[in-house]
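Comments concern the structure below.
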Amino acid sequence: METNVTLERAVELACASPLARDTERASLSDAAGRVLATDLASKVDDPRFDNSAMDGWAVRADDCAIPGACLRIIGTSQAGASPPPMVGKGEACRIMTGAPVPEGADAIVMIEDSDTDDASVTINGPARPGFIRKRGENLRKGEASLVSGAQLTPAALSLAATMGHDELEIVVRPNIAVISVGDELVPPGQPLRDGAIYESNTYGIASLVEQMGGRAQRFETVQDDLDGLREALDEAAETCDAILTSGGVSMGQWDFVRRIMEEEGDVHFWRILMRPGGPPLFGLWKGTPIFGMPGNPVSSHVVFTLLVAPWMSRCMGAHEDLGPRIASPVRVVLESPLKGAPGKLCLRRISIRSEGDALLASTHTHQGSGNIHSMVAHNGLSLLPPDADANEGDVIDALWLR
Ligand code: AMP
Ligand code: MG
């Protein structure tokens, strides 16, 4: 077991225990947000045929060299209709956006640049070859413009449809248990006895799991008790692919997740050199990967974002751009000083906004790791290196979360 590891090392150690990756077939309409499991070759050229980018006239550019040229109208090309007649010398074909360009024509005149009567059209503006969208200029038949690991964003779904695919092979969503541990925790909506607080982490963490493309299974809160915890972990290992716990991983007498993992599990690392989010552990419970995350709400969200999210992304074979990456920070100018942490990467909550040429960052709330409001009121995290305080005006690395 390693202790007090850097965040990079923690991600590396977790990624050494990935999940088996299964794939399934899904219709295009059920694939939103999922991860593509194969390269996807186009079944067609895109565009399928030369077509017009404008409503106007398909012409021979040579015929329009002199302003005021008068051309004979030979017909109309409409989107979805059969091919139009050939355009000969001195002729023009009325054409709609997306309609096939008739043979013989090599340029389009915009409708706004013409005057017409029944039989002829007078050309008052340029005939532009650039208004013809050429067959295959976006994509060639057989070309794979979506590759394995791509996230099926709205644009990616439309691209898959453009390429002619109605079904896709996608990565099965990992089933992830989300368990909170603590005697003080009461579900929201229930009466609070003395000393109790509302359990909040499982709601946020389950939602983060879903956002990352997993399927979250929220468990009932487990008390600070070894037997109850063992039972819950056993059930989670049986029914889920991975386990996320929150609470009970610090040094205290009641930190039973750490204790049970040390005594009965297989711990790969404990504690990360970062603040907030220092106490996590990672290991295997009966062969199932388990992340023991801290109970403080900000800490558990930050640990998910920086440790669990990249691990999930790797497990699903997703491109590196799924979820935030400390390897791809933005540079921000601080509008107020930020206190760093001795020996630890410091992740203060910051608001990032663009102004002029720069991204500016400010803070608005108390920064305590118990204050989940700080994650709502801000949209980024500082990446202050260990032992570094930063002053107003300093430029630092940061993660822009939304
Ligand atoms: P722990 O990591 O168990 O020492 O908990 C640290 C702090 O986080 C304590 O103040 C707990 O009450 C709080 N906490 C632990 N788990 C949760 C949870 N699921 N929801 C909200 N607060 C929690
Ligand atoms: Mg606790």
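The values are calculated or read from the model by the stated rules, or taken from the named source; none is laboratory data. None of these values were measured; they are calculated from a predicted model. Neighbour counts run over all protein chains shown; Cβ positions are idealised from the backbone, glycine included. Heads up: the accessible areas ignore ligands, DNA and RNA and are worked out on the full protein's heavy atoms, side chains in. Shrake-Rupley method; radii C 1.70, N 1.55, O 1.52, S 1.80 Å.
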Scan region 38-49 and give yes if some residue there is under 28 Å from GLU210 (Cβ atoms), in contact (Cβ under 8 Å) with a residue 12 or more places away in the chain and of a type in the set (Ser, Thr, Tyr), otherwise no. yes
Out of region 389-402, which residues are open to solvent by 30 Å² or more (accessible area, probe 1.4 Å) and either closer than 12 Å to GLY340 by Cα or of a type outside the set (Asp, Glu) (or both)? ASP389, ASN391, GLY393, VAL395, TRP400, LEU401, ARG402
Would you check which residues across region 236-262 are among the hydroxyl-bearing types (Ser, Thr, Tyr) and within 10 Å of ligand 2 (Cβ to nearest atom) and list them? SER246, SER250
Give ALA177, ALA206 a once-over and let me know the one that is assigned to a helix (DSSP H, G or I), of a type in the set (Gly, Ala, Ser), buried (at least 17 other Cβ atoms within 10 Å of the Cβ) and assigned by TED's automatic domain parsing to the domain that holds VAL308. ALA206
So, in region 346-362, exactly how many residues are in contact with a Ser or Thr (Cβ under 6 Å, 6 or more places away or on another chain) and more than 18 Å from ASN296 (Cβ to Cβ)? 3
Restricting region 193-203 to residues that are out of contact with any strand residue (DSSP E or B) (no Cβ under 7 Å at 6 or more places or on another chain) and either in contact (Cβ under 8 Å) with a residue 40 or more places away in the chain or part of a helix (DSSP H, G or I) (or both), the residue that is farthest from ligand 2 (Cβ to nearest atom): TYR203
If we keep only residues of region 263-317 that are β-branched (Val, Ile, Thr) and within 14 Å of LEU233 (Cα to Cα), then the residue surrounded by the fewest Cβ atoms within 10 Å (Cβ to Cβ) is THR288
What are the pairs, 6+ residues apart or on separate chains, where a residue within region 70-94 that is in the same structural domain as ASP106 (by TED's automatic domain parsing) and closer than 12 Å to GLY56 by Cα has its Cβ under 7 Å from a residue that is surrounded by fewer than 16 Cβ atoms within 10 Å (Cβ to Cβ) and of a type in the set (Val, Ile, Thr)? CYS93/THR76; ARG94/THR76
Residues that are farther than 23 Å from SER246 by Cβ and touching a residue at least 24 places away in the same chain (Cβ under 8 Å), drawn from region 348-378: ILE350, SER351, ILE352, ALA358, LEU359, LEU360, ALA361, SER362, THR363
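Please work out which residue is surrounded by the fewest Cβ atoms within 10 Å (Cβ to Cβ), limiting yourself to region 180-192 and to residues that are within 12 Å of ligand 2 (Cβ to nearest atom) and in a strand (DSSP E or B).
Looking at residues that are within 12 Å of ligand 2 (Cβ to nearest atom) and in a strand (DSSP E or B), I get LEU185.
Pull up region 292-326, narrow it to residues that are of a type outside the set (Ser, Thr, Tyr) and within 16 Å of ligand 2 (Cβ to nearest atom), then point me to the one that is nearest to MET212 (Cα to Cα).
VAL303
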Among the residues of region 365-378, count how many are away from ligand 1 (no atom under 16 Å from the Cβ) and out of contact with any strand residue (DSSP E or B) (no Cβ under 6 Å at 6 or more places or on another chain). 2
What single numbered condition from (1) more than 17 Å from HIS301 (Cα to Cα); (2) assigned by TED's automatic domain parsing to the domain that holds ILE272; (3) in contact with a strand residue (DSSP E or B) (Cβ under 6 Å, 6 or more places away or on another chain) fails to hold for ARG259? (3)
Does ILE243 meet the test of being open to solvent by less than 10 Å² (accessible area, probe 1.4 Å) and not in a strand (DSSP E or B)? no
From the options LEU284, LEU338, residue that is touching a residue at least 60 places away in the same chain (Cβ under 8 Å), away from ligand 2 (no atom under 16 Å from the Cβ) and touching a strand residue (DSSP E or B) at 6+ places or on another chain (Cβ under 8 Å): LEU284
Among residues of region 141-159, those that are open to solvent by 40 Å² or more (accessible area, probe 1.4 Å) and hydrophobic (A, V, I, L, M, F, W, C), counted: 4
Just one of (1) under 30 Å from THR3 (Cβ atoms); (2) outside any loop (DSSP other than H, G, I, E, B) trips up LEU359, so point out which. (1)
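Per-residue answers, yes or no, for (1) closer than 26 Å to VAL303 by Cα; (2) assigned by TED's automatic domain parsing to the domain that holds ILE372; (3) without any contact (Cβ under 8 Å) to a residue 12 or more places away in the chain:
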site	(1), (2), (3)
GLY142	no, no, no
ALA160	no, no, no
LEU185	yes, no, no
PRO188	yes, no, no
PRO191	no, no, yes
GLN217	yes, no, no
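How many of the residues in region 251-262 are part of a loop (DSSP other than H, G, I, E, B) and either surrounded by 17 or more Cβ atoms within 10 Å (Cβ to Cβ) or touching a Gly at 6+ places or on another chain (Cβ under 8 Å) (or both)?
2
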